[in-house]
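What follows is one structure encoded as structure tokens, with my remarks underneath.
The values are calculated or read from the model by the stated rules, or taken from the named source; none is laboratory data. Fair warning: this is a prediction, and the values are worked out from it, not measured in the lab. Cβ sites come from the backbone with ideal geometry, for glycine too, and all protein chains shown count toward neighbours. Surface areas here come from the heavy atoms of the whole protein model, side chains and all, with no ligands, DNA or RNA. Shrake-Rupley method; radii C 1.70, N 1.55, O 1.52, S 1.80 Å.
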Amino acid sequence: MKVVVAMPNELLANAAAEQSFTDAWVQANISSYYPATQIEAIAVGNEVFVDPNNTTKFLVPAMKNVHASLVKYSLDKNIKISSPIALSALQNSFPASSGSFKTELLEPVIKPMLDFLRQTGSYLMVNAYPFFAYAANSDKISLDYALFKENPGVVDSGNGLKYTNLFDAQIDAVFAAMSAVKYDDVKIAVSETGWPSAGDSNEIGASPDNAASYNGNLVKRVLSGSGTPLKPNESLDVFLFALFNENQKTGPTSERNYGLFYPSQKKVYDIQLTAEAPPSGVGKSQVPVSGDVTTSSKGQTWCVANGGSSEKKLQNALNYACGEGGADCTPIQPGATCYDPNTLEAHASYAFNSYYQKMARASGTCYFGGTAYVVTQPPKYGNCEFPTGY
């Protein structure tokens, strides 16, 4: 596992003032662990331009001192330095081709930072959240466009390029802003993106279904290796935010609900994190990410267990479906209508399908850690009938 280590915003003033401070910090946090821990970058601060403590003026001097400390310990060739910026650093972001940085940031910090990134062969870290744009403009932005789902797309009036998702448009707005100040040779990495599974009433679009769709489809889009319409040959490195729900974080409800997992380590929802296809077989069509399944003549789909899964994984998935997942597992209890055949695969199939139908067959809801897949013909286990909706 490769790691990016962060220097918190509150250390930037000291880091900018004294290289002796960054020497000690690099020794304590980087060189003590490298190379046993594969540290590939240092994020100096995070979204510094919106830090209420006004740390912007310290950013580039701090980055330079951290770099000088890496040089001192002969680590500068293998470890890059950057600083994640929020999209609020842009003056314009729509259409993407009109992307530009805020004028008050340009000379004091943007240009010096991009110059530093270019000189050190590093890249710009960008935190991009289509969720915020959608929640604030749900009357103008299509939800399918925000979630990487099938949609007519949006043609950029400035350059004629067609965008099929908001994520690509946001990244290209940053590329355009960099190009406008002649730094289009500097690459971008997306240091944060994600979608909340819960939110306040005014946080439109925050739900488990939408979070599973966004993150699942994001994974699929990134693993395709394709670039953006503006930079089609440059694949993107993307960090998904976040692994865990930060249940003690302050602010709106969404802030505590970006995780793939609860603090208890249980999954909030299922998404596929690899490009691997499920076991092949007649009638199987597993698309936990995009939801583009070939359905029966009535447009119906079901979710069943993958009999090739290990017993342990299948049992854990069954426990989740009947427990936290809220599937109706009454029919598979002893003596009930779907108890026979009394096999783990049959019981898991019923539970998985119950959950899948309850979630309105939303993308990402028939995966269960790779133990389930979508079928287009009614499953047959004894005399048990599988429901098609609730």
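Can you name every one of the strands (runs of 3 or more DSSP E) wholly within segment 61-163 that holds 2 or more residues which are touching a Cys at 6+ places or on another chain (Cβ under 6 Å) and over 19 Å from ALA176 (Cβ atoms)? Let's see the steps before the verdict.
Numbers: elements: 80-82, 90-92, 123-127.
Passing ranges: none, list empty.
Looking at GLY225, is it assigned to a loop (DSSP other than H, G, I, E, B), touching a residue at least 40 places away in the same chain (Cβ under 8 Å) and open to solvent by 10 Å² or more (accessible area, probe 1.4 Å)?
Details: assigned to a loop (DSSP other than H, G, I, E, B): yes; touching a residue at least 40 places away in the same chain (Cβ under 8 Å): no; open to solvent by 10 Å² or more (accessible area, probe 1.4 Å): yes.
So GLY225 does not fit the description; no.
What number of residues within segment 18-32 are free of Cβ contacts under 8 Å to residues at least 40 places away in the same chain and more than 27 Å from the chain's Cα centre (by Cα)? Quick ask: steps written out before the conclusion?
As a first pass, look at segment 18-32 and keep what is free of Cβ contacts under 8 Å to residues at least 40 places away in the same chain: 20, 24, 28-29, 32.
Filter once more, so that each one left must be more than 27 Å from the chain's Cα centre (by Cα): 20, 24, 28, 32.
Residues in segment 18-32 being free of Cβ contacts under 8 Å to residues at least 40 places away in the same chain and more than 27 Å from the chain's Cα centre (by Cα): 4 in total.
Which one is modelled with the lowest pLDDT among residues in segment 263-287 that are within 16 Å of the chain's Cα centre (by Cα) and open to solvent by 70 Å² or more (accessible area, probe 1.4 Å)? Explain how you work it out, then say what you get.
In the first step, residues of segment 263-287 are kept if they are within 16 Å of the chain's Cα centre (by Cα); the result is 267-275.
Applying the additional criterion that residues be open to solvent by 70 Å² or more (accessible area, probe 1.4 Å) yields 273, 275.
Details: LEU273: 81, ALA275: 65.
Among them, the one singled out is ALA275.
Is there any pair with a first residue in segment 236-253 that is modelled with pLDDT under 90 and a second that is of a type in the set (Asp, Glu) and not in a loop (DSSP other than H, G, I, E, B) whose Cβ atoms are under 8 Å apart and which are 6 or more apart or on different chains, and what are they?
Once the first residue is modelled with pLDDT under 90 and sits in segment 236-253, its partners that are of a type in the set (Asp, Glu) and not in a loop (DSSP other than H, G, I, E, B) give LYS249/GLU255.
Here is a yes/no grid of residues against (1) over 21 Å from ASP237 (Cβ atoms); (2) assigned by the TED database to the domain that holds ALA180; (3) of a type in the set (S, T, N, Q); (4) free of Cβ contacts under 8 Å to residues at least 40 places away in the same chain:
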site	(1), (2), (3), (4)
GLU40	no, no, no, no
ASN46	no, no, yes, no
ASP51	yes, no, no, no
MET63	no, no, no, no
LEU87	no, yes, no, no
SER97	yes, yes, yes, no
ARG118	no, yes, no, no
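From the list GLY335, GLY326, which one is modelled with pLDDT of 90 or more, under 16 Å from ASP209 (Cα atoms) and open to solvent by 10 Å² or more (accessible area, probe 1.4 Å)? Outline the logic, then answer.
Working: GLY335 fails: under 16 Å from ASP209 (Cα atoms).
It is GLY326.
Yes/no per residue for (1) open to solvent by less than 50 Å² (accessible area, probe 1.4 Å); (2) under 22 Å from ALA189 (Cβ atoms); (3) at pLDDT 95 or above:
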{"position": "ALA15", "(1), (2), (3)": "yes, yes, yes"}
{"position": "PHE21", "(1), (2), (3)": "no, no, yes"}
{"position": "ALA28", "(1), (2), (3)": "no, no, yes"}
{"position": "ASN53", "(1), (2), (3)": "no, no, no"}
{"position": "LYS72", "(1), (2), (3)": "no, no, yes"}
{"position": "SER98", "(1), (2), (3)": "yes, no, yes"}
{"position": "LEU105", "(1), (2), (3)": "yes, yes, yes"}
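Residue by residue through segment 157-200, note down the ones that are open to solvent by 10 Å² or more (accessible area, probe 1.4 Å), touching a Pro at 6+ places or on another chain (Cβ under 7 Å) and of a type in the set (Asp, Glu).
Matches in segment 157-200: ASP168, GLU192, ASP200.
Before we move on, is LEU143 under 26 Å from ASN257 (Cβ atoms) and at pLDDT 95 or above?
yes
Please give the number of the condition ALA135 fails out of (1) in contact (Cβ under 8 Å) with a residue 24 or more places away in the chain; (2) surrounded by 14 or more Cβ atoms within 10 Å (Cβ to Cβ); (3) under 19 Å from GLY205 (Cα atoms); (4) touching a helix residue (DSSP H, G or I) at 6+ places or on another chain (Cβ under 7 Å).
(4)
Matching residues to (1) aliphatic (A, V, I, L, M); (2) in a helix (DSSP H, G or I); (3) assigned by the TED database to the domain that holds SER213:
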{"site": "ALA321", "(1), (2), (3)": "yes, yes, no"}
{"site": "GLU324", "(1), (2), (3)": "no, no, no"}
{"site": "TYR339", "(1), (2), (3)": "no, no, no"}
{"site": "GLU345", "(1), (2), (3)": "no, yes, no"}
{"site": "GLY364", "(1), (2), (3)": "no, no, no"}
{"site": "GLY369", "(1), (2), (3)": "no, yes, no"}
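In this structure, is THR295 over 20 Å from GLU385 (Cβ atoms), part of a loop (DSSP other than H, G, I, E, B) and at pLDDT below 85? I'd like the intermediate steps shown before the answer.
Numbers: over 20 Å from GLU385 (Cβ atoms): no; part of a loop (DSSP other than H, G, I, E, B): yes; at pLDDT below 85: yes.
Considered against the rule, which asks whether it is over 20 Å from GLU385 (Cβ atoms), part of a loop (DSSP other than H, G, I, E, B) and at pLDDT below 85, THR295 comes out as no.
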